[in-house]
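Presented below is the structure to which this report refers.
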């Protein structure tokens with residue numbers, strides 16, 4: 001079995017993306033790792049070059065910033081890198097620059113890739129998500145956080161990055177048939193110092209909206225206000241080892257104030273049903289779970 005990892009990144013240092021941690025967290029599973037490095041305003045390319053592995057293959061790209069609607073540029077860039085992966089690889093492991101895999105999950109991920117390597121009806125592998133918010137000791141538990149997404153796909157170029165690169169579909173817009181890995185993606189996109197988070201938000205929204213929308217909806221402030229939140233819980237699990245230094249360096253202050261969370265009766269009912277049964281009513285699933293063979 002041959003596995004290729006891939007991701008895209010631009011301005012990692014400027015906006016404090018943990019892309020090195022993202023890449024190195026899954027590098028043990030990959031025979032090669034393709035990194036699409038967009039032309040940046042900082043030393044992002046050097047950052048990737050400095051990763052101590054001969055598995056890293058850099059693809060230099062130029063992002064089309066006119067593709068602002070719906071984050072389309074992210075899918076375009078993701079497809080550019082995916083298309084560079086040679087046919088010899090069986091699986092392609094995609095990870096975003098603010099995601100990470102815990103080292104304890106690597107064996108089960110490898111096992112399921114081996115299990116379904118030759119079953120071409122399985123087009124992708126599904127992960128559960130842990131979304132961290134504000135600081136490393138809080139995790140999102142409300143309905144705004146997506147619960148699952150596809151991160152490993154078969155090396156089939158009929159599969160395309162979907163919309164803003166959150167997941168994948170076929171090039172005729174059909175959902176992928178997938179198996180669940182039972183492993184987790186740790187998502188740290190909402191864990192940054194408040195100044196870095198504000199700068200990231202201003203840059204990030206430029207990939208979705210025009211200037212008029214930005215002026216009306218993105219506050220011109222120095223620091224991001226983490227109090228505009230959904231339901232959180234204290235996280236009592238462990239973080240991936242590759243994140244240890246970032247966690248040690250996290251000196252900003254954040255305390256969750258549940259009284260500031262605005263949820264209506266409908267939301268509270270749906271959240272109660274989910275906690276009781278595990279069923280998220282109205283969940284948008286960008287995939288189809290493939291039933292076991294009989």
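Points to keep in mind about this one:
- Going from the residue with the fewest nearby Cβ atoms within 10 Å to the one with the most, 144, 154 rank 144, 154.
- Cβ-based exposure ranking for 135, 253, in which fewest neighbours within 10 Å come first: 253, 135
- Exposure proxy order (Cβ contacts within 10 Å, fewest to most) of 254, 132: 254, 132
- Relative contact order of the chain, pairs being alpha-carbon contacts under 8 Å that are 6 or more residues apart, as %: 21
- For q = 0.10 Å⁻¹, Debye-computed log10 I/I(0) when each Cα of the chain counts as one equal scatterer: -0.56
- Beta bridges per DSSP with both ends in the chain, % antiparallel, nearest 5: 45
- Only DSSP H runs of four or more residues enter the estimate; each adds -39500 (n - 2.57), and after division by the residues of the chain the mean residue ellipticity at 222 nm equals -7000 deg cm²/dmol.
Read-outs throughout are calculated quantities, based only on the coordinates presented, and are distinct from any laboratory measurement. In this text, all values refer to a predicted model and were calculated from it rather than measured experimentally. Quick reminder, even Gly has a Cβ in these numbers, built from the backbone with ideal geometry, and neighbours come from all protein chains shown.
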